[in-house]
Every structure is written in C-alpha cells, then in structure tokens.
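The values are calculated or read from the model by the stated rules, or taken from the named source; none is laboratory data. Remember, predicted model here, so these are calculated numbers, not experimental data. Glycine gets a Cβ as well: all are built from the backbone with ideal geometry, and neighbour counts include every protein chain shown. Accessible surface is based on the protein model in full, side chains and every heavy atom, while ligands, DNA and RNA are left aside. Shrake-Rupley method; radii C 1.70, N 1.55, O 1.52, S 1.80 Å.
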Number of protein chains: 2
Amino acid sequence: MHYGGIEAGGTKFVCAVGDENGNIIERIQFPTLTPEETIPKVIEFFQKHEIRALGVGSFGPIDINVKSDTYGYITSTPKTAWTNYPFLQALQKELNIPIGFNTDVNVAALGEVTLGAAKGMENCLYITVGTGIGAGAVVQGNLLQGFSHPEMGHILVRRHEEDSYTGKCPYHKDCLEGLAAGPAIEERWGKKGIELENNSKVWEMEAYYIAQALMQYILVLSPEKIILGGGVMKQQQVFPLIRENVASFINGYVELPPLEEYIVPPSLGDNAGITGALILAKQSEQ
Amino acid sequence: MHYGGIEAGGTKFVCAVGDENGNIIERIQFPTLTPEETIPKVIEFFQKHEIRALGVGSFGPIDINVKSDTYGYITSTPKTAWTNYPFLQALQKELNIPIGFNTDVNVAALGEVTLGAAKGMENCLYITVGTGIGAGAVVQGNLLQGFSHPEMGHILVRRHEEDSYTGKCPYHKDCLEGLAAGPAIEERWGKKGIELENNSKVWEMEAYYIAQALMQYILVLSPEKIILGGGVMKQQQVFPLIRENVASFINGYVELPPLEEYIVPPSLGDNAGITGALILAKQSEQ
C-alpha cells in the first residue's frame with residue numbers, strides 16, 4: 001500500500017513514495033522551474049509507482065479553503081511563473097487519486113506530530129527560519145486553518161536596542177521575517193549566517209527576535225511542542241539563547257514544560273515536510 | 001428541554017437557564033465573593049430548574065485539559081479565595097449532570113459563532129478589553145485549546161511613540177494588557193476611559209495597541225471574524241481607528257474581508273458569554 005508525497009518549495013521540489021506508516025521508499029528532487037517544466041517531471045515520477053493517494057505540502061501563499069473557487073491554487077506568490085497556478089488541479093487531471101493539499105509548514109508540523117519530536121501530541125508548532133520565515137501548526141489534531149493558512153512569519157516584533165537595520169520585508173519592513181530570516185541576517189551583517197557562526201552578537205539578536213515570536217505563538221496557540229527547522233536553525237548554538245529569551249519574556253506567566261524539551265529542532269530533520277506529505281496522503285483517503 | 005449556563009467573572013457571576021437554541025429563559029447575577037459564599041447560590045438556582053446539562057465559562061487561569069488531574073480547577077488566579085479551587089468538581093458533586101467547562105472568552109466566542117456576529121462560520125476570535133484583556137477563539141468549529149487555553153491578552157506590542165507610561169502588567173509591564181486594558185488607560189491618563197470619551201489621543205493610542213494585537217492574531221489564526229467586546233470597547237469611536245491601523249499594519253499582505261464587516265462588536269452584546277455557556281451545555285451532552 002503506497003502513498004505519494006510532494007514537498008513543493010520555492011527552490012526545489014521533493015517527491016517521494018512511501019508506505020502507510022510514512023516511511024520513505026523512494027525519493028527524487030529537482031529544482032523548481034516553471035510549472036510547464038516541473039509538473040511533468042512530478043507526474044512522470046508518480047505514474048511509475050502505484051500510489052493510492054498523494055499529499056502535497058506547497059510553498060505559498062496557496063488557497064486551502066475547500067469551499068473556494070480557487071482551492072488548490074498557488075495564489076499571489078512572487079515567483080511569477082506560479083502566480084494563480086491551479087496546482088492541485090494539474091495533479092488531479094493526470095493522477096486521478098485523492099490528493100491532500102496544504103502548506104509546506106503545516107505539512108511539516110503534521111510530520112513531526114505523527115512521527116517526530118511531537119509524536120503522540122495533539123498540538124504542535126513547526127517554524128522554519130530560512131530564506132523566509134513560515135510556521136504551521138497542528139491544533140487539537142487538525143492542521144491549523146482559518147479563512148486561510150497561517151502567515152505567522154510576518155508578525156511584528158520589538159526591535160533589539162542595538163539593531164539599526166531597516167528590515168527586508170517588502171510589506172512590513174521590520175516584521176519578524178524582515179529582521180530575522182536568512183537574507184536579513186546577510187544584509188545586516190554583510191555575510192551569510194553560516195559564515196557568522198562565531199559572532200555571538202548575531203545569534204543573540206536572532207534569538208531575541210525568534211523568542212519574541214515564540215512568546216506570541218505560545219500565548220495564542222499554547223502548543224505542546226515547538227519545533228524550529230530551516231537553514232538558519234542549523235546554527236544549534238541559537239537554541240539555548242532562544243530558550244533563555246522565551247523564559248525571560250514569559251516571566252512565569254504561563255507554566256511551560258522544561259524549555260530544553262519544549263523548544264527543539266525537528267527530529268525528522270530535513271524529512272519533516274516530505275514525511276508529513278506522505279501522512280497527509282493517507283489522511284486524504286478518508 | 002432546558003440547559004444551564006454560568007458566566008463566572010472575576011467581579012460577578014451570571015447564571016441562566018435557556019432552551020436548546022441558546023435562548024435565555026431566566027437569569028440571575030450576583031457578585032463574585034468566596035467559593036463558600038458564591039457556589040451555594042449557584043447550586044440553589046440550578047436545583048430549582050430541571051436542566052439536562054450545564055455549560056461554564058470561567059475567569060482564569062483554569063485547567064481545561066481533560067487529561068489533567070486538576071481538570072476543572074481555577075488555578076493560579078490573583079483572587080486568592082479561588083486559587084486552586086475545584087470549580088467543576090464542586091458543581092458536579094451537587095448537580096450530577098454533564099458539565100462543559102471552558103474559559104469565559106472561549107465560551108463567548110462560541111456564543112458569537114453559533115448565534116452572533118460570526119454565525120455560520122467555522123472560525124472566529126472574541127476579544128474582551130476591560131479590567132483585563134483576554135481572547136478566545138473557535139478554530140475549525142472547536143474551542144481553541146493547546147496544552148492550556150489561550151492567554152492572548154499578554155502578547156507583546158510595540159510602544160506608541162508618544163506613550164511614556166510604564167505599563168501595568170505585573171508579569172510583563174508593557175504587554176498588551178499592561179498598556180491597553182482599562183486600568184492602564186486610567187493610570188496613564190488619570191481618568192477612567194468612560195470620562196475620556198472626547199480625548200482623541202486616548203483612542204488613537206488604544207487603537208494602535210489593539211490593532212497590533214489583531215495583526216498578530218490574524219497572521220496566526222486567520223479568523224473569519226474578529227469580535228471586540230468588554231467595557232473599553234463600549235467606546236464605539238475606537239472601532240474605525242482600529243480598522244485603519246490594522247489596514248496599515250497588514251499593508252495588503254493578506255487579503256481580508258472589508259474591515260467594517262470583519263472587526264465588529266459582539267452582536268449578542270453582553271450576552272455573548274452566557275449564551276455561549278448555554279450552547280456549551282448542550283455540546284457537553286454529546
């Protein structure tokens with residue numbers, strides 16, 4: 001009994017076939033070009049395998065409202081080749097199987113809550129800090145969704161007192177993503193995060209911003225586990241700093257689990273998304 | 001077929017009996033004294049009526065985790081007579097019927113989503129701005145809950161550039177509640193909000209803080225409707241200012257419904273909570 005999963009990112013597509021328990025049997029990946037170039041490769045891969053259903057975790061923004069006329073579309077993305085692209089429909093047309101469709105980060109949260117760091121829990125938050133900042137969540141067992149999917153990466157934060165960098169977000173300038181995503185780190189410090197590993201000021205500031213965001217998410221969603229992934233979070237030295245800042249901001253107002261167990265990297269590593277996509281595939285059959 | 005509802009506030013208790021549609025048939029209210037004084041009055045009222053089930057919306061913090069040993073308790077409230085009080089258990093012992101138990105604000109959200117401003121929707125956010133600031137939400141039809149209930153009133157906000165007031169929150173000083181709840185308005189301006197109706201600076205600042213909070217809630221929860229109740233929100237002149245600020249903060253990043261339909265007062269008025277409690281009672285039978 002095989003299932004298919006797609007982790008559709010802005011720079012690369014990962015496609016995998018797995019079993020009903022979310023174990024990956026075969027995977028391929030290729031760069032995200034235009035839909036005309038990329039989608040046929042996706043179709044070709046899955047047509048070689050007998051899969052019962054497919055799960056898609058996509059970059060966004062996307063329309064995940066099943067009542068909407070544009071359900072399954074990638075909507076207003078800055079990647080113009082994909083703007084208003086009927087992603088789900090393109091897959092359905094060729095594959096003709098049940099397809100679950102959600103954001104890359106919601107699907108990663110699903111992976112981690114099913115098989116990863118939040119296994120056995122009903123609620124978890126998954127945040128990726130990389131080229132952008134995005135977050136997804138499982139709330140009482142469901143992928144978080146309102147009129148649309150969360151856009152938590154753009155919440156407002158207070159400036160670090162030593163930070164004079166303007167911010168990089170085209171909409172909000174100095175929102176969380178504008179101050180703390182990879183490109184902001186690079187522009188502020190003149191080097192990529194990976195080259196700044198030993199500059200403690202960089203990570204102190206980064207932790208200050210991320211911890212503020214976590215405070216807001218905790219007070220709104222009360223997640224049972226917070227998982228921080230993405231390229232910037234490969235800098236493991238930032239985790240203890242984030243935990244210290246969260247403790248200081250919350251200041252005992254809500255009771256939290258021990259923070260070293262509460263704020264953690266993904267235990268599925270870079271497979272959180274694609275594993276979640278396989279689980280979403282299975283759920284889409286029901 | 002009658003149901004009972006309790007809106008247990010820090011200053012007063014409202015008890016009501018209603019029908020299966022949430023219509024109130026009879027209601028009483030009395031001040032919140034100690035449990036020994038207050039709970040017998042509650043029991044006496046409901047024992048006079050034949051009710052099938054009871055719904056409770058309580059001030060907090062409370063334990064709403066059904067797996068917890070202290071489920072149904074009021075926990076670390078500053079009202080010391082109620083600290084670690086087994087509220088649900090005290091009611092169950094005397095009434096012996098199904099009882100639903102949740103926060104006052106979650107229950108108000110349930111009232112508004114079932115019969116009020118968000119009727120027919122799956123997601124709504126209810127915020128009360130009064131002595132404190134609290135918020136509850138219905139997400140995909142369920143009352144929002146993680147390891148605990150939301151504590152959204154304490155999120156961090158950026159200071160208004162003309163605001164030099166320290167903030168009143170004992171935990172965070174200048175969090176949202178510390179800067180924008182009724183007591184903060186009174187301490188900053190030297191008068192109660194109700195006496196400041198014509199001071200536009202007061203409401204400009206108030207709107208600035210509340211709109212920031214709404215931006216954060218929107219980006220996390222994506223509610224279909226935002227309902228603002230509580231004493232401070234009786235100042236209707238603040239609604240247009242909040243909407244202007246929200247539009248400016250979001251800056252087109254997410255598509256929202258027309259803001260005059262999106263950010264609104266409770267259409268159940270002061271009955272949102274008690275109506276929600278009656279609906280929770282009915283749900284607790286299932």
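For the range A:112-134, which positions are open to solvent by less than 20 Å² (accessible area, probe 1.4 Å) and part of a loop (DSSP other than H, G, I, E, B)?
Listed by number, the residues that qualify are A:Gly116, A:Ala118, A:Asn123, A:Gly130.
I'd like the residue in the range A:60-79 that is modelled with pLDDT of 95 or more and not polar (S, T, N, Q) and, out of all such residues, is nearest to A:Gly5 (Cα to Cα).
A:Gly72
I'm told B:Lys225 meets every condition in (1) under 17 Å from the mean Cα position of the chain (by Cα); (2) among the charged types (D, E, K, R); (3) over 28 Å from A:Pro150 (Cβ atoms) except one. Can you identify the failing condition by its number?
In the conditions (1) under 17 Å from the mean Cα position of the chain (by Cα); (2) among the charged types (D, E, K, R); (3) over 28 Å from A:Pro150 (Cβ atoms), B:Lys225 misses (3) alone.
If you go through the range B:90-106 one residue at a time, how many are touching a Phe, Trp or Tyr at 6+ places or on another chain (Cβ under 8 Å) and open to solvent by 30 Å² or more (accessible area, probe 1.4 Å)?
Number of matching residues: 1.
Could you please give the count of residues in the range B:257-286 that are open to solvent by less than 50 Å² (accessible area, probe 1.4 Å) and either more than 12 Å from chain A (Cβ to nearest Cβ) or among the aliphatic types (A, V, I, L, M) (or both)?
So the count comes out to 18.
Going residue by residue through the range A:150-165, is there one that turns out to be surrounded by fewer than 24 Cβ atoms within 10 Å (Cβ to Cβ), within 19 Å of A:Ala207 (Cβ to Cβ) and of a type in the set (Ser, Thr, Tyr)?
Checked against the condition, which is being surrounded by fewer than 24 Cβ atoms within 10 Å (Cβ to Cβ), within 19 Å of A:Ala207 (Cβ to Cβ) and of a type in the set (Ser, Thr, Tyr), the range A:150-165 yields at least one hit.
Does the range B:24-46 contain any residue that is in a strand (DSSP E or B), hydroxyl-bearing (Ser, Thr, Tyr), more than 16 Å from the chain's Cα centre (by Cα) and outside the structural domain of B:Gln145 (by TED's automatic domain parsing)? Quick ask: steps written out before the conclusion?
Keep residues of the range B:24-46 that are in a strand (DSSP E or B), which gives B:24-31.
Narrowing the set further to residues that are hydroxyl-bearing (Ser, Thr, Tyr) leaves none.
The answer is no, given that none of the residues of the range B:24-46 is in a strand (DSSP E or B), hydroxyl-bearing (Ser, Thr, Tyr), more than 16 Å from the chain's Cα centre (by Cα) and outside the structural domain of B:Gln145 (by TED's automatic domain parsing).
Scan the range B:116-143 for residues that are at the interface with another protein chain (Cβ under 7 Å from one of its Cβ atoms) and within 20 Å of B:Gly72 (Cα to Cα) and report the count.
Final tally of qualifying residues: 1.
Residues being aromatic (Phe, Trp, Tyr) and open to solvent by less than 20 Å² (accessible area, probe 1.4 Å): count how many of those fall in the range B:181-204. So that I can check it myself, show each step before the final result.
Within the range B:181-204, the first condition is being aromatic (Phe, Trp, Tyr), and the residues that meet it are B:189, B:203.
With the extra rule that they be open to solvent by less than 20 Å² (accessible area, probe 1.4 Å), the set shrinks to B:203.
Final tally of qualifying residues: 1.
Within the range A:135-146, does at least one residue satisfy the condition of being over 20 Å from the mean Cα position of the chain (by Cα) and assigned to a loop (DSSP other than H, G, I, E, B)?
First pass over the range A:135-146, keeping only residues over 20 Å from the mean Cα position of the chain (by Cα): none.
Scanning the range A:135-146, I find no residue that is over 20 Å from the mean Cα position of the chain (by Cα) and assigned to a loop (DSSP other than H, G, I, E, B), so the answer is no.
Pull up the range B:147-163, narrow it to residues that are touching a Phe, Trp or Tyr at 6+ places or on another chain (Cβ under 8 Å) and in a loop (DSSP other than H, G, I, E, B), then point me to the one that is farthest from the other protein chains (Cβ to nearest Cβ). First the steps, then the outcome.
Here is the first cut: in the range B:147-163, the residues touching a Phe, Trp or Tyr at 6+ places or on another chain (Cβ under 8 Å) are B:151-152, B:154, B:156-157, B:160.
Those left that are additionally in a loop (DSSP other than H, G, I, E, B): B:151, B:157, B:160.
Working: B:Glu151: 5, B:Val157: 8, B:His160: 13 Å.
Here the answer is B:His160.
Out of all the residues in the range A:226-255, which are within 9 Å of chain B (Cβ to nearest Cβ) and either assigned to a helix (DSSP H, G or I) or among the basic types (Lys, Arg) (or both)? Before you say what the answer is, go through the steps one by one.
Step one: list which residues in the range A:226-255 are within 9 Å of chain B (Cβ to nearest Cβ), which gives A:249-255.
Listed by number, the residues that qualify are A:Phe249, A:Ile250.
Assuming B:Ala109 fulfils every condition listed in (1) open to solvent by 30 Å² or more (accessible area, probe 1.4 Å); (2) in contact (Cβ under 8 Å) with a residue 12 or more places away in the chain apart from one, which condition is it?
(1)
I'm trying to understand the selection: among the residues of the range B:24-38, which are open to solvent by 50 Å² or more (accessible area, probe 1.4 Å), among the β-branched types (Val, Ile, Thr) and out of contact with any Asp or Glu (no Cβ under 7 Å at 6 or more places or on another chain)?
Narrowing the range B:24-38 to residues open to solvent by 50 Å² or more (accessible area, probe 1.4 Å): B:24-29, B:31, B:33, B:36-37.
Narrowing the set further to residues that are among the β-branched types (Val, Ile, Thr) leaves B:24-25, B:28.
Matches in the range B:24-38: B:Ile24, B:Ile28.
Considering only residues that are assigned to a helix (DSSP H, G or I), away from chain A (no Cβ under 14 Å), closer than 24 Å to A:Gly252 by Cβ and of a type in the set (A, V, I, L, M, F, W, C), which ones fall in the range B:171-225?
Within the range B:171-225, B:Ala180, B:Ala184 qualify.
Which one of these does A:Pro78 not meet: (1) more than 14 Å from chain B (Cβ to nearest Cβ); (2) open to solvent by 40 Å² or more (accessible area, probe 1.4 Å); (3) over 15 Å from the mean Cα position of the chain (by Cα); (4) of a type outside the set (Phe, Trp, Tyr)?
(1)
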